[in-house]
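Here is the structure we will look at.
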Amino acid sequence: MADAPISRLELSKMIDHSLLKPTLTREDTIQGLEVAMRERVASATVKPCYTILAAEVLEGSGVMVNPVICFPLGYDTTEAKVFATKQAIDDGAEEIDMVLNLGALFSGDYQFVEDDIAAVVEAAQGKTVKVILETGYYKDMDLIVKACQIIESAGGDFVKTSSGFAPSPYTNEYGETVGYTLDILRLMRKSVSESVEVKAAQGVRRLKEALEVIEIGATRFGVSRTESLLKEYDEAYG
């Protein structure tokens, strides 16, 4: 059996276990939170309406509560984003995922985009803020660089590829739609300083994909198939 390139716990602590499908019920969410605790992941990414529930279930587990705010389109007013962020923190959020305002970015209104993100960062009161680019929408790769630079300037802690809800032109070797390419992920890593981390989302479904994004420099990835991914790890290195 080959030597593991990373320990199981190290891998688990890079996973944001995604519980965002619109049809997920309260009971489904509880079951997902139990998976998150059993697998000892970094965080459970939840709908904002279940932030209090997640905080109650995950208390003392070491798994962080990670609601999304004004998700997945990102075009709410700054005031709405600030209110939602403050409410999420009050409800027990330990991390926040948000989407930058794509329309403003594509319009060249870079100061608006920066101010919008900075307001959320301030409202998060020192909690980690991950900012989603939705890389599947970009035709100009230079704009991905610009978006990453804006996020860092605004105080964002992570640049993140995708929400998982946007259309994307990219597919993987299995014919599945993914939200980014490895080249885009490399570009994102190069576009920010070492103080900003990179999260891959809408594409990490298997151990192979997890190891690929880790090698590029991603320190977190969104996963809905957490159990099957870690089962692959156990079969390969257990």
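The values are calculated or read from the model by the stated rules, or taken from the named source; none is laboratory data. Just so you know, these numbers come straight off a predicted model, no measurement behind them. Every residue, glycine among them, receives a Cβ derived from its backbone with ideal geometry; neighbour counts consider all protein chains shown. In case anyone asks, the SASA skips ligands and DNA or RNA and just uses the protein heavy atoms, side chains included. Shrake-Rupley method; radii C 1.70, N 1.55, O 1.52, S 1.80 Å.
For this structure, a couple of remarks:
- FRET efficiency estimate (nearest 0.05) - Cβ-Cβ, Glu176 to Ser107, R0 25 angstrom: 0.20
- DSSP-defined beta bridges in the chain - what % are antiparallel, rounded to 5: 5
- Leu207 accessible area, 1.4 Å probe, all protein chains in place, Å² to nearest 10: 10
- Taking θ as phi - 60° and the Karplus parameters 6.51, -1.76 and 1.60, the scalar couplings of the range 77-87 work out to 5, 4, 4, 5, 5, 5, 4, 5, 5, 4, 5 Hz in sequence order, x denoting glycine and proline.
- Radius ratio Rg over Rh of the range 1-148, counting only Cα atoms, Kirkwood formula for Rh: 1.02
- Remark: the range 1-109 carries 47 Å² of accessible area per residue (probe radius 1.4 Å; ligands, DNA and RNA excluded).
- Note on the range 116-156: Cα convex hull, mean projected area over all directions, 2.8 nm².
- Extending 7 Å from Cα along the Cβ direction at Lys208 and again at Glu79 yields two label points whose distance is 5.1 nm.
- Carbon/sulfur fraction of accessible area - the chain, other protein chains in place, 1.4 Å, %: 50
- Counting only DSSP H runs of at least 4 residues, each contributing -39500 (n - 2.57), and dividing by the residue count of the chain, the helix-based mean residue ellipticity at 222 nm comes to -13000 deg cm²/dmol.
- Size of the range 113-233: Rg and Dmax of its alpha carbons, in Å, are 14.2, 42.
- Listed residue pairs exceeding 28 Å between alpha carbons, taken from Lys190/Lys231; Lys47/Lys231; Lys47/Lys199; Lys130/Lys208; Lys127/Lys160; Lys127/Lys208: Lys190/Lys231; Lys127/Lys208
- Cα centroids of the range 81-154 and the range 185-230: 19 Å apart.
- Computed across the range 166-238, the Kirkwood hydrodynamic radius from all distinct Cα-Cα pairs reaches 13.0 Å.
- FRET efficiency for Lys231 and Asp183, using Cβ-Cβ distance with R0 set to 30 Å, rounded to 0.05: 0.55
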